[in-house]
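The values are calculated or read from the model by the stated rules, or taken from the named source; none is laboratory data. Predicted model only: the values in this text are computed from it and were never measured. No Cβ is skipped: glycine too gets one built from the backbone with ideal geometry, and neighbour counts run over all protein chains shown. For accessibility, only protein heavy atoms count, side chains too; no ligands or nucleic acids. Shrake-Rupley method; radii C 1.70, N 1.55, O 1.52, S 1.80 Å.
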Amino acid sequence: MSFEAIVYLLCFIASTLCAYLLVAGYLRGRARLLLWSASCFCLLAFNNLLVFVDLVLLPSIDLTMLRSLTSLTAVAVLIYGFIWEID
């Protein structure tokens, strides 16, 4: 396994762990901002998985558009959550 593949997998693991911790925090305290952050990190973890699939497993298939839409959606969810919970 190449160094790039290891880095992509470590990024996926880190974002998945962050998503898990944010979901666990939300379930304990029910702070809605944690829910928005957890949703964002779940989408970012999926994005990191798509990066690994796109660049390592299936380099002949271009998943750039799907990866871009996933990361855009993740950031949009977080920004929406910040605006919604501003009060």
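All conditions in (1) at positive phi; (2) open to solvent by less than 70 Å² (accessible area, probe 1.4 Å) hold for CYS42, with the sole exception of (1).
Put simply, of VAL23, VAL7 the only residue that is in a helix (DSSP H, G or I) and surrounded by fewer than 16 Cβ atoms within 10 Å (Cβ to Cβ) is VAL7.
Provide a single number: the residues in the stretch 71-87 that are assigned to a helix (DSSP H, G or I) and open to solvent by 100 Å² or more (accessible area, probe 1.4 Å).
Going residue by residue through the stretch 71-87, those that are assigned to a helix (DSSP H, G or I) are 71-84.
In the following step, the residues that additionally are open to solvent by 100 Å² or more (accessible area, probe 1.4 Å) were identified as 72, 80, 82-84.
Total meeting the criteria: 5.
Of the residues making up the stretch 45-70, those that are closer than 17 Å to TYR8 by Cβ, in a helix (DSSP H, G or I) and open to solvent by 40 Å² or more (accessible area, probe 1.4 Å) are PHE46, LEU49, LEU55, VAL56, LEU57, THR64, LEU66, ARG67, SER68. Going through (1) farther than 18 Å from VAL75 by Cα; (2) assigned to a helix (DSSP H, G or I) one by one, CYS18 falls short only on (1).
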